[in-house]
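The values are calculated or read from the model by the stated rules, or taken from the named source; none is laboratory data. Just so we're clear, the structure is a prediction, and the values are computed from it rather than from any experiment. Cβ: placed from backbone, ideal geometry, glycine included. Neighbour counts: every protein chain shown. Heavy atoms of the whole protein, side chains included, go into the accessibility calculation; ligands, DNA and RNA do not. Shrake-Rupley method; radii C 1.70, N 1.55, O 1.52, S 1.80 Å.
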Amino acid sequence: MVAAPQLDVPEDLLRFCKKLRKVELHAHLNGSLRASTLSELAVAKGKDEAALKLISRGDKTLAECFSVFALIHEVTTEHDTITRLAREVVEDFAADRVVYLELRTTPKARPDCEMSKQSYTEAVLTGIDQALQAQAAKKDVPPQNRIDARLLLSIDRREGTEAALDTVRLAATLKDRGVVGIDLSGNPELGQWETWVPALDLARSEGLRVTLHAAEVYNATETAKMLEWKPDRLGHMCFLNDELERMFEASSIPVELCISSNVLTESVTAYDVHHFKDLHAAGRPVVLGTDDSGVFNTSLSREYAIAAHSFGLSRLQLMQLADAAVEHTFLSDTARQTLRDRLASGAGQCRRDAEAAQAAAATQ
(Lines give C-alpha, C1' and ligand atoms only; values in the text may rest on other atoms or scores of the structure.)
Protein backbone atom coordinates (compact mmCIF):
# COMPACT_ATOMS: atom_id res chain seq x y z
CA MET A 1 0.00 0.00 0.00
CA VAL A 2 1.34 3.43 -0.94
CA ALA A 3 0.60 6.26 1.48
CA ALA A 4 -1.62 9.03 0.14
CA PRO A 5 0.15 12.37 -0.28
CA GLN A 6 -0.52 15.02 2.30
CA LEU A 7 -2.80 17.81 1.12
CA ASP A 8 -1.33 21.24 0.42
CA VAL A 9 -3.40 24.04 1.94
CA PRO A 10 -3.08 27.81 1.33
CA GLU A 11 -0.66 29.45 3.74
CA ASP A 12 -3.01 32.33 4.57
CA LEU A 13 -5.72 29.83 5.52
CA LEU A 14 -3.31 27.88 7.71
CA ARG A 15 -2.20 31.09 9.43
CA PHE A 16 -5.82 31.93 10.23
CA CYS A 17 -6.38 28.44 11.67
CA LYS A 18 -3.27 28.77 13.83
CA LYS A 19 -4.69 31.98 15.35
CA LEU A 20 -8.03 30.34 16.07
CA ARG A 21 -8.63 29.01 19.58
CA LYS A 22 -9.50 25.34 19.23
CA VAL A 23 -10.68 22.27 21.15
CA GLU A 24 -9.01 18.88 20.57
CA LEU A 25 -11.05 15.83 21.60
CA HIS A 26 -9.39 12.97 19.69
CA ALA A 27 -5.65 12.75 20.36
CA HIS A 28 -3.69 9.66 21.39
CA LEU A 29 -0.64 10.30 23.56
CA ASN A 30 1.71 7.85 21.86
CA GLY A 31 0.71 8.95 18.37
CA SER A 32 1.30 12.63 19.19
CA LEU A 33 4.97 12.45 20.15
CA ARG A 34 7.55 14.78 18.66
CA ALA A 35 9.64 13.12 15.96
CA SER A 36 12.76 14.65 17.50
CA THR A 37 12.01 13.15 20.91
CA LEU A 38 11.17 9.75 19.45
CA SER A 39 14.41 9.79 17.45
CA GLU A 40 16.37 10.71 20.58
CA LEU A 41 14.81 7.85 22.54
CA ALA A 42 15.37 5.43 19.66
CA VAL A 43 19.08 6.31 19.50
CA ALA A 44 19.38 5.86 23.27
CA LYS A 45 17.84 2.37 22.91
CA GLY A 46 20.25 1.49 20.09
CA LYS A 47 17.71 1.40 17.26
CA ASP A 48 19.07 1.18 13.72
CA GLU A 49 19.17 3.83 10.99
CA ALA A 50 16.11 2.41 9.22
CA ALA A 51 13.98 3.12 12.29
CA LEU A 52 15.26 6.69 12.48
CA LYS A 53 14.49 7.31 8.79
CA LEU A 54 10.96 5.96 9.26
CA ILE A 55 10.33 8.34 12.16
CA SER A 56 11.36 11.38 10.12
CA ARG A 57 9.24 10.58 7.07
CA GLY A 58 5.97 12.51 6.70
CA ASP A 59 4.12 10.03 4.48
CA LYS A 60 3.90 6.49 5.83
CA THR A 61 1.97 3.43 4.79
CA LEU A 62 -0.44 1.93 7.29
CA ALA A 63 2.01 -0.90 7.97
CA GLU A 64 4.75 1.65 8.63
CA CYS A 65 2.46 3.51 11.04
CA PHE A 66 2.05 0.32 13.06
CA SER A 67 5.85 -0.08 12.98
CA VAL A 68 6.18 3.37 14.52
CA PHE A 69 3.71 2.45 17.28
CA ALA A 70 5.71 -0.72 17.98
CA LEU A 71 8.87 1.39 18.22
CA ILE A 72 7.18 3.80 20.63
CA HIS A 73 6.22 0.86 22.84
CA GLU A 74 9.84 -0.32 22.89
CA VAL A 75 11.36 3.01 23.88
CA THR A 76 8.80 4.20 26.47
CA THR A 77 9.79 1.96 29.34
CA GLU A 78 10.53 4.48 32.12
CA HIS A 79 8.18 6.64 34.15
CA ASP A 80 10.28 9.79 33.67
CA THR A 81 10.08 9.28 29.91
CA ILE A 82 6.28 8.91 30.07
CA THR A 83 6.06 12.14 32.06
CA ARG A 84 8.27 13.97 29.58
CA LEU A 85 6.22 12.77 26.62
CA ALA A 86 2.92 13.84 28.16
CA ARG A 87 4.37 17.25 29.02
CA GLU A 88 5.71 17.78 25.50
CA VAL A 89 2.46 16.71 23.82
CA VAL A 90 0.46 19.21 25.88
CA GLU A 91 3.05 21.89 25.11
CA ASP A 92 2.76 21.20 21.38
CA PHE A 93 -1.03 21.44 21.40
CA ALA A 94 -0.75 24.68 23.37
CA ALA A 95 1.65 26.07 20.73
CA ASP A 96 -1.04 25.30 18.13
CA ARG A 97 -3.49 27.44 20.14
CA VAL A 98 -5.50 24.50 21.41
CA VAL A 99 -7.09 25.86 24.57
CA TYR A 100 -8.70 22.61 25.69
CA LEU A 101 -7.35 19.10 25.15
CA GLU A 102 -8.74 15.68 25.99
CA LEU A 103 -5.72 13.42 25.67
CA ARG A 104 -6.19 9.65 25.68
CA THR A 105 -3.87 6.78 26.48
CA THR A 106 -4.00 3.09 27.36
CA PRO A 107 -2.62 2.42 30.87
CA LYS A 108 0.35 0.07 30.51
CA ALA A 109 1.03 -2.76 32.94
CA ARG A 110 4.64 -3.78 32.26
CA PRO A 111 6.06 -5.76 35.17
CA ASP A 112 9.39 -6.15 33.35
CA CYS A 113 9.77 -2.35 33.59
CA GLU A 114 8.35 -2.12 37.14
CA MET A 115 5.37 -0.26 35.67
CA SER A 116 1.74 -0.81 36.68
CA LYS A 117 -1.36 0.67 35.09
CA GLN A 118 -1.60 3.08 38.00
CA SER A 119 2.06 4.15 37.96
CA TYR A 120 1.91 4.67 34.19
CA THR A 121 -1.22 6.82 34.48
CA GLU A 122 0.24 8.81 37.36
CA ALA A 123 3.31 9.52 35.22
CA VAL A 124 1.07 10.81 32.40
CA LEU A 125 -0.91 13.01 34.79
CA THR A 126 2.32 14.41 36.23
CA GLY A 127 3.44 15.40 32.75
CA ILE A 128 0.12 17.08 32.03
CA ASP A 129 0.31 18.96 35.34
CA GLN A 130 3.86 20.13 34.58
CA ALA A 131 2.78 21.51 31.22
CA LEU A 132 -0.23 23.31 32.68
CA GLN A 133 1.85 24.81 35.48
CA ALA A 134 4.46 26.03 33.00
CA GLN A 135 1.72 27.62 30.88
CA ALA A 136 0.26 29.40 33.87
CA ALA A 137 3.67 30.86 34.69
CA LYS A 138 4.16 32.36 31.22
CA LYS A 139 3.46 36.08 31.46
CA ASP A 140 3.51 36.47 27.66
CA VAL A 141 0.58 34.07 27.18
CA PRO A 142 -2.83 35.70 27.82
CA PRO A 143 -5.05 33.65 30.13
CA GLN A 144 -7.61 33.05 27.36
CA ASN A 145 -4.87 31.43 25.23
CA ARG A 146 -3.61 29.02 27.90
CA ILE A 147 -4.35 25.36 27.48
CA ASP A 148 -6.42 23.25 29.83
CA ALA A 149 -6.30 19.46 29.59
CA ARG A 150 -8.04 16.33 30.81
CA LEU A 151 -7.26 12.63 30.38
CA LEU A 152 -9.23 9.69 28.99
CA LEU A 153 -8.10 6.16 29.78
CA SER A 154 -8.35 3.78 26.84
CA ILE A 155 -9.43 0.16 26.88
CA ASP A 156 -7.36 -1.69 24.28
CA ARG A 157 -9.38 -4.11 22.16
CA ARG A 158 -6.78 -6.79 22.92
CA GLU A 159 -7.81 -6.69 26.59
CA GLY A 160 -10.23 -9.09 28.21
CA THR A 161 -13.09 -8.18 30.50
CA GLU A 162 -11.10 -8.09 33.75
CA ALA A 163 -8.34 -5.93 32.30
CA ALA A 164 -10.96 -3.54 30.92
CA LEU A 165 -12.67 -3.38 34.32
CA ASP A 166 -9.30 -2.63 35.94
CA THR A 167 -8.86 0.36 33.62
CA VAL A 168 -12.30 1.73 34.47
CA ARG A 169 -11.78 1.24 38.21
CA LEU A 170 -8.48 3.10 37.94
CA ALA A 171 -10.16 5.94 36.04
CA ALA A 172 -12.84 6.22 38.71
CA THR A 173 -10.20 6.69 41.43
CA LEU A 174 -8.51 9.46 39.44
CA LYS A 175 -11.49 11.64 38.57
CA ASP A 176 -10.22 14.31 40.97
CA ARG A 177 -6.89 14.31 39.07
CA GLY A 178 -8.48 15.14 35.73
CA VAL A 179 -9.53 11.76 34.33
CA VAL A 180 -12.92 12.44 32.75
CA GLY A 181 -13.69 9.47 30.55
CA ILE A 182 -13.05 6.11 28.96
CA ASP A 183 -12.13 5.35 25.35
CA LEU A 184 -12.37 2.03 23.50
CA SER A 185 -9.69 1.76 20.82
CA GLY A 186 -7.01 -0.43 19.28
CA ASN A 187 -6.87 -2.79 16.34
CA PRO A 188 -10.46 -2.85 15.01
CA GLU A 189 -10.01 -6.39 13.73
CA LEU A 190 -9.55 -7.76 17.25
CA GLY A 191 -11.94 -8.63 20.05
CA GLN A 192 -15.67 -8.88 20.58
CA TRP A 193 -17.99 -6.06 21.71
CA GLU A 194 -19.51 -8.16 24.50
CA THR A 195 -16.06 -8.43 26.13
CA TRP A 196 -15.97 -4.74 27.07
CA VAL A 197 -19.64 -4.03 27.82
CA PRO A 198 -19.30 -4.76 31.58
CA ALA A 199 -16.46 -2.24 31.83
CA LEU A 200 -18.29 0.38 29.78
CA ASP A 201 -21.43 -0.11 31.91
CA LEU A 202 -19.28 0.36 35.01
CA ALA A 203 -17.79 3.55 33.55
CA ARG A 204 -21.25 4.97 33.00
CA SER A 205 -22.33 4.08 36.54
CA GLU A 206 -19.18 5.78 37.92
CA GLY A 207 -20.01 9.03 36.14
CA LEU A 208 -17.29 8.66 33.52
CA ARG A 209 -18.08 9.69 29.95
CA VAL A 210 -17.43 7.21 27.15
CA THR A 211 -16.20 7.52 23.57
CA LEU A 212 -15.87 4.55 21.21
CA HIS A 213 -13.73 4.06 18.12
CA ALA A 214 -16.38 2.71 15.78
CA ALA A 215 -16.69 1.54 12.17
CA GLU A 216 -12.98 1.89 11.44
CA VAL A 217 -13.53 -1.29 9.42
CA TYR A 218 -16.81 -2.70 8.21
CA ASN A 219 -18.42 -4.61 11.07
CA ALA A 220 -22.16 -4.02 10.85
CA THR A 221 -23.08 -6.15 13.86
CA GLU A 222 -20.61 -4.49 16.22
CA THR A 223 -21.35 -0.97 14.99
CA ALA A 224 -25.09 -1.50 15.49
CA LYS A 225 -24.47 -2.68 19.07
CA MET A 226 -22.29 0.35 19.76
CA LEU A 227 -25.01 2.69 18.50
CA GLU A 228 -27.60 0.87 20.61
CA TRP A 229 -25.38 1.32 23.70
CA LYS A 230 -25.43 5.12 23.05
CA PRO A 231 -21.94 6.36 24.01
CA ASP A 232 -21.31 10.05 24.61
CA ARG A 233 -19.16 10.31 21.48
CA LEU A 234 -18.03 8.13 18.58
CA GLY A 235 -14.76 8.19 16.68
CA HIS A 236 -14.22 7.82 12.90
CA MET A 237 -17.42 6.06 11.68
CA CYS A 238 -15.95 5.38 8.24
CA PHE A 239 -17.78 2.21 7.17
CA LEU A 240 -21.59 2.23 7.41
CA ASN A 241 -24.33 0.54 5.43
CA ASP A 242 -27.72 2.19 4.85
CA GLU A 243 -29.27 0.80 8.03
CA LEU A 244 -26.30 1.93 10.13
CA GLU A 245 -26.50 5.36 8.52
CA ARG A 246 -30.13 5.61 9.62
CA MET A 247 -29.28 4.48 13.16
CA PHE A 248 -26.37 6.90 13.35
CA GLU A 249 -28.46 9.84 12.16
CA ALA A 250 -31.27 9.04 14.60
CA SER A 251 -28.80 8.81 17.51
CA SER A 252 -27.45 12.38 17.19
CA ILE A 253 -24.25 11.14 18.85
CA PRO A 254 -21.35 13.55 18.23
CA VAL A 255 -18.56 12.10 16.09
CA GLU A 256 -14.83 12.83 16.24
CA LEU A 257 -13.44 13.03 12.68
CA CYS A 258 -9.74 12.79 11.84
CA ILE A 259 -9.44 13.61 8.15
CA SER A 260 -5.70 13.14 7.56
CA SER A 261 -5.61 9.93 9.57
CA ASN A 262 -8.52 8.42 7.65
CA VAL A 263 -7.07 9.33 4.25
CA LEU A 264 -3.47 8.39 4.97
CA THR A 265 -4.52 4.98 6.33
CA GLU A 266 -6.92 4.56 3.36
CA SER A 267 -10.05 4.26 5.48
CA VAL A 268 -11.25 7.05 3.17
CA THR A 269 -10.06 7.22 -0.42
CA ALA A 270 -9.44 10.98 -0.71
CA TYR A 271 -9.69 14.21 1.23
CA ASP A 272 -12.56 15.64 -0.82
CA VAL A 273 -14.81 12.60 -0.30
CA HIS A 274 -14.36 12.40 3.47
CA HIS A 275 -17.69 11.98 5.28
CA PHE A 276 -17.05 15.20 7.20
CA LYS A 277 -18.54 16.98 4.19
CA ASP A 278 -21.98 15.38 4.35
CA LEU A 279 -22.18 15.28 8.14
CA HIS A 280 -21.26 18.93 8.54
CA ALA A 281 -23.55 20.04 5.72
CA ALA A 282 -26.44 18.18 7.38
CA GLY A 283 -25.82 19.99 10.67
CA ARG A 284 -24.75 16.82 12.46
CA PRO A 285 -22.56 17.21 15.60
CA VAL A 286 -18.96 16.81 14.40
CA VAL A 287 -15.59 17.56 15.97
CA LEU A 288 -12.28 17.68 14.12
CA GLY A 289 -9.31 15.89 15.70
CA THR A 290 -5.75 14.93 14.86
CA ASP A 291 -5.80 11.29 16.04
CA ASP A 292 -1.99 10.85 15.91
CA SER A 293 -0.42 14.19 15.06
CA GLY A 294 3.16 12.92 15.31
CA VAL A 295 2.64 9.83 13.17
CA PHE A 296 0.62 11.66 10.50
CA ASN A 297 2.66 14.89 10.63
CA THR A 298 -0.37 17.10 11.22
CA SER A 299 -1.84 19.55 13.73
CA LEU A 300 -5.35 20.61 14.66
CA SER A 301 -4.80 23.89 12.79
CA ARG A 302 -3.90 21.88 9.72
CA GLU A 303 -7.01 19.68 10.07
CA TYR A 304 -9.18 22.81 10.20
CA ALA A 305 -7.41 24.18 7.11
CA ILE A 306 -7.88 20.87 5.28
CA ALA A 307 -11.61 20.91 6.06
CA ALA A 308 -11.96 24.48 4.82
CA HIS A 309 -9.91 23.90 1.67
CA SER A 310 -11.53 20.57 0.78
CA PHE A 311 -15.15 21.46 1.48
CA GLY A 312 -15.35 25.20 0.92
CA LEU A 313 -15.87 26.21 4.55
CA SER A 314 -15.63 29.91 5.27
CA ARG A 315 -13.50 31.20 8.11
CA LEU A 316 -16.63 32.12 10.01
CA GLN A 317 -17.74 28.48 9.68
CA LEU A 318 -14.37 27.38 11.08
CA MET A 319 -14.97 29.60 14.10
CA GLN A 320 -18.41 28.06 14.53
CA LEU A 321 -16.88 24.59 14.30
CA ALA A 322 -14.41 25.42 17.07
CA ASP A 323 -17.16 26.89 19.26
CA ALA A 324 -19.41 23.86 18.73
CA ALA A 325 -16.66 21.48 19.89
CA VAL A 326 -17.03 22.89 23.41
CA GLU A 327 -20.50 21.34 23.65
CA HIS A 328 -19.08 17.84 23.14
CA THR A 329 -16.34 17.97 25.78
CA PHE A 330 -16.48 15.73 28.84
CA LEU A 331 -16.36 18.74 31.15
CA SER A 332 -18.87 19.63 33.82
CA ASP A 333 -21.51 22.23 32.95
CA THR A 334 -19.64 24.88 34.92
CA ALA A 335 -16.27 24.12 33.33
CA ARG A 336 -17.88 24.00 29.88
CA GLN A 337 -19.32 27.49 30.37
CA THR A 338 -15.88 28.74 31.41
CA LEU A 339 -14.45 27.29 28.21
CA ARG A 340 -17.20 28.93 26.13
CA ASP A 341 -16.31 32.26 27.71
CA ARG A 342 -12.62 31.73 26.95
CA LEU A 343 -13.25 31.06 23.28
CA ALA A 344 -15.51 34.10 23.05
CA SER A 345 -13.06 36.38 24.87
CA GLY A 346 -10.63 38.03 22.49
CA ALA A 347 -12.05 36.33 19.38
CA GLY A 348 -12.65 39.71 17.76
CA GLN A 349 -9.53 39.75 15.59
CA CYS A 350 -10.24 36.28 14.18
CA ARG A 351 -13.81 37.34 13.48
CA ARG A 352 -12.68 40.52 11.73
CA ASP A 353 -10.22 38.52 9.64
CA ALA A 354 -12.95 36.01 8.78
CA GLU A 355 -15.41 38.72 7.79
CA ALA A 356 -12.78 40.47 5.66
CA ALA A 357 -11.95 37.23 3.86
CA GLN A 358 -15.66 36.59 3.25
CA ALA A 359 -16.16 40.11 1.87
CA ALA A 360 -13.15 39.75 -0.41
CA ALA A 361 -14.44 36.43 -1.71
CA ALA A 362 -17.84 37.98 -2.46
CA THR A 363 -16.29 40.62 -4.72
CA GLN A 364 -14.35 38.11 -6.84
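Antiparallel DSSP bridges in the chain: what percent, to the nearest 5?
5 percent
How large is ³J(HN,Hα), in whole Hz, for each residue of the stretch 277-283 in order, when computed from phi with the Karplus curve 6.51 cos²θ - 1.76 cosθ + 1.60 and θ = phi - 60°, using x for Gly and Pro?
Values per residue, Gly and Pro as x: 4, 6, 5, 5, 5, 7, x Hz.
Most fluctuating residue of S252, S154, S299 in a GNM of the chain with Cα springs under 10 Å: which is it?
So, out of S252, S154, S299, the one fluctuating most is S252.
Starting from the Cα-Cα distance between C113 and S36, subtract it from 0.36 nm times their residue separation and give me the gain in nm to one decimal. Before the final figure, lay out each step's value.
Details: separation 77, 0.36 × 77 = 27.72 nm, distance 2.36 nm.
So the extension gain works out to 25.4 nm.
What full-extension length gain, to one decimal in nm, is calculated for S314 and D242 as 0.36 nm per residue of separation minus the Cα-Cα distance?
Extending this stretch completely gives an extra 22.9 nm.
At 10 °C and 1.306 mPa s, what whole-number value in µm²/s does Stokes-Einstein give for the translational diffusion of the stretch 110-224, with Rh from the Kirkwood sum over Cα pairs?
Diffusion coefficient, whole number: 100 µm²/s.
In terms of modelled amide H atoms, which long-range or inter-chain residues lie less than 5 Å from the amide H of V286?
V255
Check G294: other-chain or 5+ apart residues with amide H under 5 Å from its amide H, H built from backbone geometry?
Here the answer is S32, L33, since their amide H atoms fall under 5 Å of that of G294.
Please list, in order along the stretch 145-156, the HN-Hα scalar couplings obtained from phi with the Karplus expression 6.51 cos²θ - 1.76 cosθ + 1.60 (θ = phi - 60°), rounded to whole Hz, x for Gly and Pro.
Here the 3J(HN,Hα) series is 9, 6, 7, 10, 8, 10, 10, 10, 9, 9, 8, 7 Hz.
Could you compute the net charge surrounding L244? Neighbours are other residues with a C-beta less than 12 Å from the C-beta of L244; K and R count +1, D and E count -1.
Once positives and negatives cancel, what remains is -4.
When the chain is fully extended, how far beyond the present Cα-Cα distance does E74 get from D272, taking 0.36 nm per residue of separation?
Working: separation 198, 0.36 × 198 = 71.28 nm, distance 3.63 nm.
Difference between extended and current length: 67.6 nm.
Sequence-distant or interchain residues sharing an amide H contact under 5 Å with Y100, placed H: which?
Placed amide hydrogens put K22, E24, D148 under 5 Å from Y100.
Measure off, as a whole percent, the carbon and sulfur share of the 1.4 Å-probe accessible area of the stretch 161-256, all protein chains present. Intermediate values should be presented prior to the final figure.
Numbers: 1950 of 4070 Å².
Reported share for carbon and sulfur atoms: 48 percent.
What number, rounded to the nearest 500 deg cm²/dmol, is the helix-based mean residue ellipticity at 222 nm of the chain, given -39500 (n - 2.57) per DSSP H run of at least four residues and division by all its residues?
About -16000 deg cm²/dmol.
For labels at K53 and Q144 in the simple 7 Å Cα→Cβ model, what's the distance in nm?
4.9 nm
Cross-link partners among lysines for K277, C-alpha distance below 27 Å, same-chain residues fewer than 8 apart left out?
Reachable lysines: K18, K19, K22, K60, K225, K230.
Counting only protein chains, not ligands or nucleic acids, how are F69, F311 ordered by accessible area (probe 1.4 Å), most first?
F69, F311
Relative contact order for the chain: what percent, with Cα pairs under 8 Å and sequence separation of 6 or more?
For the chain, the relative contact order is 21 percent.
Per residue, how large is the accessible surface of the chain? Use a 1.4 angstrom probe and give square angstrom.
Solvent-accessible surface per residue comes out at 43 Å².
With Cβ to Cβ distances under 10 Å as the rule, what net charge do the other residues near K18 carry (K, R +1; D, E -1)?
+4
Heads up, I need the accessible area for R146: 1.4 angstrom probe, whole protein in place, Å², nearest 10.
Using a 1.4 Å probe on the heavy atoms, I get roughly 60 Å².
Starting from the Cα of A356, step 7 Å along the direction of its Cβ; do the same at S251; then give the gap between the two resulting points in nm.
That separation, rounded to one decimal, is 4.3 nm.
Match the structure shown to one of the listed values (i) 77, 51, 35; (ii) 65, 50, 47; (iii) 66, 54, 41 of Cα extents along the principal axes in Å, computed from it, and give that label.
The value matching this structure is (ii).
Please compute the modelled spin-label separation between F66 and S205, points set 7 Å along Cα→Cβ, answer in nm with one decimal.
Reported label-point gap for S205 and F66 is 3.6 nm.
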